[in-house]
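Please treat every number below as a calculation from the coordinates, not as lab data. All of these numbers come straight from a predicted model, not from anything done at the bench. Heads up, the Cβs are rebuilt from the backbone with ideal geometry, glycines too, and the neighbour counts pull from every protein chain shown.
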Amino acid sequence: MRIEKLSIVEVRQLIKDSSSEELRILLDLVKLDSRKGVRRLYNIILGRLKKEEDRLKKKELLLREERMLWGMGYEKVGGLDEAGRGPLAGPVVAACVVFSPGTYIDGIDDSKKLSPARRNRLFDIIMDKALAVGVGRVDAQEIDRINILNATRRAMEEAVAKCYPDLDFLLVDAMEGDFSVSYKSLVKGDANSHSIAAASIIAKVTRDREMLKFDKEYPEYGFDSHKGYGTKSHIETIKEIGLCPIHRRTFTGKLVKD
């Protein structure tokens, strides 16, 4: 590879278009180039290589549990997570996502670490690439009747049931349940499992979209911004005008007498 006859702009483009292996070669060439402008590109290459190294480490981390299970003969490994255990209003939603062995979607992560726009883009990719996706939900009235822990389990069990028969083993984000399939509960599973992280995205986006619909029914509460969580503005609104039908009475009893 010869770069001495390339302009700085052309070297920049070459860096942009190069693979990791090619970038390692460019690193030495740029360092030895007589032009200061080219030598300044050294740190840009280092940054690109570091970013790729981090991406591969993330992939290795997220697929560690799945690869172990695939190696044991479980082909249809699902991830299970929920969204909405803590809000003052709206449902709790769970999602189960099953991928074929070897499937990996670059950019998947714990849904809380992703912007709404990125979650929405990944939602469509997951739905397209997944072998099976199941979603379960329990509304506010049922949460009040059976409590949030039992409601979360019910939503999760419903999500899992919708993935049969495309499910051999389940990875769950820190929850026990009656899933009628072998499973493993992982602490911080959405940061340590590709399939759980995917499920966290499906659950979060599904719930957020439902809360946007509720915002049109009850616009005074601002559900479009806080999605039912106990923000200062949400609590102030509840104290001022009271509760609406999707509020969880067992969560809001100290705020207002309904």
Item checked: Extreme residue, positive dipole direction of segment 125-258, given options Leu186, Leu171, Thr252 (C-beta unit charges) -> Thr252
Notebook entry, point to check: Any number yet on Rg/Rh for the chain, C-alpha, Kirkwood?
Noted result: 1.14
Check: Considering the Cα trace of segment 149-258, what is its radius of gyration and what is Dmax, both in angstroms?
Finding: 17.1, 50
Notebook entry, point to check: Looking only at Pro165, Pro91, Pro116, which one moves most when the chain is put into a Gaussian network model with springs between Cα atoms under 10 Å?
Noted result: Pro165
Note to self: Charges on Cβ only, +1 for Lys and Arg, -1 for Asp and Glu, centred on the Cα centroid of segment 74-252; of Ala140, Ala197, Tyr104, which one is farthest towards the dipole's positive end?
What the structure shows: Ala140
Note to self: Taking the Cα centre as origin and putting +1 on Lys and Arg beta-carbons and -1 on Asp and Glu beta-carbons, what dipole magnitude results for segment 133-258, to the nearest 20 debye?
What the structure shows: 280 debye
Check: Could you list log10 I(q)/I(0) for segment 8-60 at q = 0.17, 0.26, 0.30, 0.32 Å⁻¹, which the Debye formula gives when each Cα is one point scatterer?
Finding: -0.49, -0.98, -1.21, -1.31
Check: What is the count of Lys pairs in segment 1-115 whose alpha carbons sit under 24 Å apart, if the two are 8 or more places apart or on different chains?
Finding: 29
Notebook entry, point to check: Out of His226, Leu69, Leu6, whose Cα points farthest toward the positive end of the dipole of the chain (charges: +1 Lys, Arg; -1 Asp, Glu; placed on Cβ)?
Noted result: Leu6
Margin query: If each DSSP helix of 4+ residues adds -39,500 (n - 2.57) and the sum is divided by the residues in the chain, what number results at 222 nm, nearest 500 deg cm²/dmol?
Written below: -16000 deg cm²/dmol
Note to self: Just want the ordering: Val172, Val9, Val97, Val38, from fewest to most Cβ atoms lying within 10 Å of their own Cβ.
What the structure shows: Val9, Val38, Val172, Val97
Item checked: Neighbourhood net charge (13 Å Cβ-Cβ; Lys/Arg +1, Asp/Glu -1) for Phe99 -> -3
Check: Between segment 212-258 and segment 116-184, what's the alpha-carbon centroid distance in Å?
Finding: 25 Å
Check: Once the Cα atoms of helix 194-217 and of the chain are each reduced to a long axis, what angle between those two axes, in degrees from 0 to 90 to the nearest 10, is obtained?
Finding: 50 degrees
Margin query: Net charge within 15 Å of Ser34 by Cβ-Cβ distance, Lys/Arg positive one each and Asp/Glu negative one each, not counting Ser34 itself?
Written below: +4
Next item on the list: Could you calculate the FRET efficiency of Leu149 with Glu75 from 1/(1 + (r/R0)^6), where r is the beta carbon distance between them and R0 is 35 Å, rounded to 0.05?
Entry: 0.65
Notebook entry, point to check: Given +1 on the Cβ of Lys and Arg, -1 on the Cβ of Asp and Glu, and no further charges, what dipole in debye does the chain carry about its Cα centre, rounded to the nearest 20?
Noted result: 1140 debye
Item checked: Percent RCO, i.e. relative contact order, over the chain, from Cα pairs under 8 Å lying at least 6 residues apart -> 22 percent
Margin query: Can you compute the modelled spin-label distance between Asp124 and Tyr42, with each label point 7 Å from Cα toward Cβ, in nm?
Written below: 4.3 nm
Next item on the list: Kindly express, to the nearest 10 degrees and within the range 0 to 90, the angle between helix 20-32's C-alpha long axis and the longest C-alpha principal axis of the chain.
Entry: 50 degrees
Check: If one takes the longest principal axis of the Cα atoms in the chain, at what angle in degrees, from 0 to 90 and to the nearest 10, does the Cα axis of helix 148-161 lie?
Finding: 60 degrees
Check: What is the dipole size for segment 8-60, taken about its Cα centre, with +1 at each Lys and Arg Cβ and -1 at each Asp and Glu Cβ, in debye to the nearest 20?
Finding: 300 debye
Margin query: Over the chain, with a Gaussian network built from C-alpha contacts below 10 Å, which listed residue (Arg154, Arg248, Arg12) shows the highest mean-square fluctuation?
Written below: Arg12
Item checked: Summed residue charge, Cβ within 14 Å of Lys57's Cβ, Lys/Arg positive, Asp/Glu negative -> 0
